[in-house]
Amino acid sequence: MKVFGIDVITGSVRSRSRRPRYALVILSGTKITEETEVTGFRLLRRLAEEKPDILAVDSLQEVAQDTHDLYAFLQMLPPSVRLVQVTGGEKKETLGKVASRYNISFNRFDPFDEARTIARVASLGAGSEVIAFENESEIVVSRHRSPGKGGWSQNRYCRKIHGAVLQKAREIEMALLAAGVKYEKRETRAFGGCSRVSFSVQAQREEIPVSAYRGADVQVRIHGKRLDRIRFRPLTGKPRYLIVGIDPGTTTAVAALDLDGNLMHMESSRQLSMAGVIETLYRVGKPLIIASDVHEMPYSVEKIRRAFNGVAYTPKADMSVEAKHALTQDYDPRNDHERDALAAAIDAYRAYRNKFQNLVRRIPPGYDIDEVRAGIVRGQSLEQVIGEMTEKATPAGEEEAPDVRIDAARDEKVRVLDGTIKRLRALVAELQEEIHRKDERIARLETRLKKVRSRQDQRIRSDAEITKRDVIIANLRKRLRSEEKTTKQLRKRIMKMREFDEALLSGETVPLKILSALTKEGVRALSAEMGIREGDVLYINRIEGFGKVALRELAEARIGALLVDENQNESAFHEIEEFFRESGIAVLSTRAVRAVVKGNRGAADPAEFRSAMREWKESQERYEREKKGQLVLQIFEEYRTERGREMRKVG
């Protein structure tokens, strides 16, 4: 695995005058192959040429000043290069704290030493990978130059460019089909081909069998679809080891410390079952030591210990309340149960603290201290733990890590612990046999329970189906009643329209549609009840408060005439008449045409109506002649005025 570790020497990405210069350390496997100073541009060139597995930084602010710049920087990286922030993701730590986890020390004032440390901890799995793009990418094929205004050969020039875009898009489409990648294509057609073709591909950038391209006429750009916000994914999914104190009972409490004694989690609840405790601890980390505040570990705590295959810890005697208060005085437990669980965890940590501190001086740099501690707690010697870690970290074909030999004969505690391990292994074998017998009994009981539950589930499912169908039937009945009501209203409307049409065809009377008020609401109510069609004659018995919106809707409907009651306001009548004259619609008074109205229907005498319409048409013709005459006079006056101005200029 090749890792690029960088650290800023001078400058900043926020400065326009002093661009940053980086200390670059290249780590290949376990060896540092190169140390050099590079600019940001040169760094991107090296990344594109060598394509390392990881580009490691201790802070994203060294490569981008904000989120927008970070998206742009990630877009410029080769698809196979992962950007890793070794100090963590959302929750950051200092580089010194991360390095101490692997027993590595460095000079924080030396950028090259920091870059070496960053590369080493990244190769060991520290930090979080920066995730900025979804599993979807866009390929855009477009023109690399504009057609411009051109001349005689402009059409041939455009056809050449657009044909090249179309040809390149077809090549890309064939490559996507050959790779079996799902995609959606959008084309912008142009003269002779396409001016732009885009592919939305359901794959990450590194999985796309096409690369970016720039030619004389065509360019191909590949973009990943941005996430709503930058995400961080741990470089390794390995959880932190925990020292867990548990206080069982009606109210169950759990407290978890890491191997450095820092509080990671503490909670208590009446509803917290043993399964809930196990699930909670899985989310926090990997329990290594399970502790209790009493000398004899309770059975429920022992079950949790077995679930994690953890190491048990109990005090030599039951802890007193005073001892618990003394251990937890620097913390803030919410109740006595949390206090007891936290005291058990702290007591277990103090029992191993001196051993952990001695290990730090004996572990070579480059090994995960927590892994070594976990192996020692489980009963292994330091030589065994480091040997196993070296075998795992050195795949076949790679250079082995330095051979680390530790004189175990001089470690008196190791010899004592070897005997303890033998006794504990015999006890473990007995307990495993007992667990096997209990597992068989549990399997038999679960089979019986499954049969009983299957019968109960069958009854419950049948009851649920009936309830579901009853709800569906009730909803359908409700919809049916609504549809029947709508159908009834539509039938009434059809009957009224049919009667109106029959009266119109008979010619004995002129049927009238009664408009309750000359307003927008009145027009829409009549339209919903009987409809307003071209050529209809409407009767209105009240025009006070008329609206221009209602007049425009009637004019757009092209009604035949509007019959207005003779007792209406004269000024309003003339205003309505003037408005409808512009649209060529007659406005008649009941003085000229008598109307008989009963309810929402009406009729007028045909002879009087035809006579009134002839008079209106004659007046309409006079109106239009006068209007044309006024227009001619206006044009003549404008001409005289303009001519006079020109003559004055000549004079």
As a percent rounded to 5, the proportion of antiparallel DSSP bridges among beta bridges in the stretch 241-396 is 60
Looking at the chain, send over the antiparallel percent of its DSSP beta bridges, to the nearest 5. 70
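Per residue, how big is the convex hull of the stretch 555-651 when only Cα atoms are used? Give it in Å³. Spell out each step's value before the answer.
Numbers: hull volume 12.1 nm³, N = 97.
Once divided by residue count, the hull of the stretch 555-651 is 125 Å³.
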What is the calculated FRET efficiency for Ala351 to Glu34, with r their C-beta to C-beta distance and R₀ = 45 Å, to the nearest 0.05? 0.45
Part-to-part distance (alpha-carbon centres) for the stretch 301-372 and the stretch 564-631, which is given in Å: 101
Put +1 on the Cβ of every Lys and Arg and -1 on every Asp and Glu Cβ in the chain; which of Gly375, Met613, Thr67 then has its Cα farthest towards the positive end of the dipole? Met613
If you wrap the stretch 241-396's Cα atoms in a convex hull and average its projection over all directions, what's the area in nm²? 10.0
Can you give me the distance in nm between label points at Val597 and Ser105, each placed 7 Å from the Cα along the Cα-to-Cβ direction? 10.6
The answer for the per residue Cα convex hull volume of the stretch 2-126, in Å³, is 102
Run the numbers on the chain and let me know its relative contact order in percent, using alpha-carbon pairs under 8 Å that are six or more apart. 7
The stretch 309-351: chymotrypsin sites (Phe, Trp or Tyr not before Pro) in DSSP loop, at most 16 other beta carbons within 10 Å: Tyr331
Anchor Lys92: lysines whose Cα lies under 25 Å away (excluding residues fewer than 8 positions away in-chain): Lys2, Lys238, Lys286
Built amide H within the under 5 Å cut-off of Met264, gap 5+: Ala256, Leu257, Asp258
Which loop-located trypsin sites (Lys or Arg not before Pro) does the stretch 540-596 contain, where loop means any DSSP state but H, G, I, E or B and the Cβ has at most 15 other Cβ atoms within 10 Å? Arg558, Arg591, Arg594
Projecting the Cα atoms of Thr87, Ala132, Val38 onto the charge dipole of the chain, where Lys and Arg contribute +1 and Asp and Glu -1 at Cβ, the residue farthest towards the positive end is Ala132
Here are a few candidate values for Rg and Dmax of the Cα atoms in Å: (1) 27.9, 92; (2) 24.9, 78; (3) 44.6, 132. Which one was actually calculated from the structure I just gave you? (3)
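Return a whole-number percent for the relative contact order of the stretch 585-651, with Cα pairs under 8 Å and 6 or more residues apart as the contact set. Walk me through the numbers before you get to the answer.
On the way: 23 pairs, mean separation 14.4, N = 67.
It comes to 21 percent, rounded to a whole number.
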Cα-based Debye curve of the stretch 131-233 sampled at q = 0.09, 0.11 Å⁻¹ gives log₁₀ I(q)/I(0) of -0.27, -0.38
Can you figure out the FRET efficiency of Glu90 with Glu582, using R₀ = 45 Å and their beta-carbon distance, to the nearest 0.05? 0.05
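Treat the stretch 204-265 as a sphere of radius equal to its Kirkwood radius over Cα pairs and apply Stokes-Einstein at 10 °C in a medium of 1.306 mPa s; give the translational diffusion coefficient in µm²/s, rounded to a whole number. Before the final figure, lay out the partial values.
Numbers: Rh = 17.4 Å.
Here the translational diffusion coefficient equals 91 µm²/s.
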For an R0 of 51 angstrom, estimate the FRET efficiency from the Cβ-Cβ distance between Arg334 and Glu465 and round to the nearest 0.05. 0.65
Based on the Kirkwood radius over alpha-carbon pairs, what is the Stokes-Einstein translational diffusion coefficient of the stretch 176-221 at 25 °C with 0.890 mPa s viscosity, in µm²/s? 203
Is there a quick way to get the dipole size of the chain? I mean about its Cα centre, with the Cβ of Lys and Arg at +1 and of Asp and Glu at -1; what is the value in debye to the nearest 20? 1700
Under 8 Å for C-alpha pairs, at least 6 residues apart: give me the relative contact order for the stretch 507-632, rounded to a whole percent. 26
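FYI, it's all coordinate maths here, none of it is from the lab. Being a predicted model, the structure only gives us computed values, none of them experimental. Positions of Cβ are backbone-derived with ideal geometry, glycine not excepted, and every protein chain shown enters the neighbour counts.
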